[in-house]
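Engineer: My questions will all concern the structure given below.
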Amino acid sequence: MKIAVIDYGIGNVKSVVNACERRSSAVQRVVNGDELARYQPDKVILPGVGAIGAALGLVRERGFEGVLREMVLEGSTSYLGICVGMQMLAEDCEEFGRHRGLGWIGGVARRLPDGDGVRIPHIGWNSIAVTAAAGGLLAPADGKDFYFVHSYHLDCDQPAIAATTSYGTDFVSAVRFGNVTGVQFHPEKSAEEGLRLIGRFLEETPC
């Protein structure tokens with residue numbers, strides 16, 4: 001099993017690599033699309049923090065977009081997007097202007113609503129409620145707490161929603177469709193429960 005963690009200059013790459021190495025030794029950090037194409041991983045993880053427009057710009061600048069589409073959407077490589085790595089799957093993103101997302105899923109990355117004592121960004125531990133789309137990867141995490149740090153959320157197609165979380169309102173905290181999984185929380189920062197989720201992703205048979 002070959003695992004690639006995408007390093008495009010933003011994200012908790014070291015933490016994600018360390019978490020994967022606790023479950024597998026075949027983990028490689030890749031810094032551009034050519035490197036990813038040569039490596040031909042079975043699993044690819046895209047971490048992300050910060051502004052989504054800057055993240056998308058770097059993903060494209062480093063040549064990842066086309067290679068990821070070919071490997072994941074047109075191939076059998078399994079994808080895990082973390083935080084911004086999930087949000088960028090949308091068609092559009094509204095952070096600091098309008099940005100074209102990767103367009104893998106119908107939807108928009110929007111700012112979380114504030115008010116009624118709810119502070120943005122949403123920072124800290126919160127639980128997830130899984131849906132029928134969760135499958136074996138997320139189902140064991142139903143009701144478990146994970147660590148969140150975000151101001152935006154993915155407003156997306158209903159069939160892909162795998163988990164929701166309540167913070168003033170219910171927002172999508174995980175999606176699943178085909179070989180694609182996205183989580184709004186940070187499993188690499190979520191102690192043993194997060195490590196267990198990463199372990200299940202690495203062990204899961206691709207669709």
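The values are calculated or read from the model by the stated rules, or taken from the named source; none is laboratory data. Predicted model only: the values in this text are computed from it and were never measured. We place every Cβ from the backbone using ideal geometry, glycine too, and count neighbours over all the protein chains shown.
Engineer: Quick one: which residue in 127, 151, 76 is of a type outside the set (D, E, K, R), in contact with a Pro (Cβ under 9 Å, 6 or more places away or on another chain) and closer than 23 Å to residue 198 by Cα? First the steps, then the outcome.
Structural biologist: Details: 127 fails: in contact with a Pro (Cβ under 9 Å, 6 or more places away or on another chain); 151 fails: closer than 23 Å to residue 198 by Cα.
Criteria check complete, one pass: 76.
Engineer: Next question. So residue 89 passes all but one of these: (1) over 30 Å from residue 166 (Cα atoms); (2) in a loop (DSSP other than H, G, I, E, B); (3) in contact (Cβ under 8 Å) with a residue 40 or more places away in the chain. Which condition number does it fail?
Structural biologist: Among (1) over 30 Å from residue 166 (Cα atoms); (2) in a loop (DSSP other than H, G, I, E, B); (3) in contact (Cβ under 8 Å) with a residue 40 or more places away in the chain, the lone unmet condition for residue 89 is (1).
Engineer: Also, I was wondering about something else. Collect the residues in the stretch 49-74 that are free of Cβ contacts under 8 Å to residues at least 40 places away in the same chain and in a loop (DSSP other than H, G, I, E, B), keeping them in residue-number order.
Structural biologist: 63, 74 - these are the residues of the stretch 49-74 that are free of Cβ contacts under 8 Å to residues at least 40 places away in the same chain and in a loop (DSSP other than H, G, I, E, B).
Engineer: Can you tell which of 46, 80 is within 25 Å of residue 142 (Cβ to Cβ), without any contact (Cβ under 8 Å) to a residue 60 or more places away in the chain and not hydroxyl-bearing (Ser, Thr, Tyr)? I'd like the intermediate steps shown before the answer.
Structural biologist: Values: 80 fails: without any contact (Cβ under 8 Å) to a residue 60 or more places away in the chain.
From the options 46, 80, the qualifying one is 46.
Engineer: Just to be sure I understand the filter: pairs with C-beta atoms under 8 Å, separated by 6 or more residues or on different chains, first member in the stretch 135-148 and without any contact (Cβ under 8 Å) to a residue 12 or more places away in the chain and under 12 Å from residue 181 (Cβ atoms), second member part of a strand (DSSP E or B) and charged (D, E, K, R). Which pairs pass?
Structural biologist: As it stands, the answer is none, since no pair meets every condition given.
Engineer: Which of the residues spanning the stretch 1-41 are in contact with an Asp or Glu (Cβ under 6 Å, 6 or more places away or on another chain), in a loop (DSSP other than H, G, I, E, B) and either closer than 19 Å to residue 204 by Cβ or among the hydroxyl-bearing types (Ser, Thr, Tyr) (or both)?
Structural biologist: Matches in the stretch 1-41: 1, 2.
Engineer: Only residues that are at pLDDT below 95 and either buried (at least 22 other Cβ atoms within 10 Å of the Cβ) or touching an Asp or Glu at 6+ places or on another chain (Cβ under 7 Å) (or both): list them for the stretch 42-55, please. I'd like the intermediate steps shown before the answer.
Structural biologist: Applying the first criterion (at pLDDT below 95) to the stretch 42-55 yields 47-55.
Those that are at pLDDT below 95 and either buried (at least 22 other Cβ atoms within 10 Å of the Cβ) or touching an Asp or Glu at 6+ places or on another chain (Cβ under 7 Å) (or both): 47, 48, 51, 52, 53, 55.
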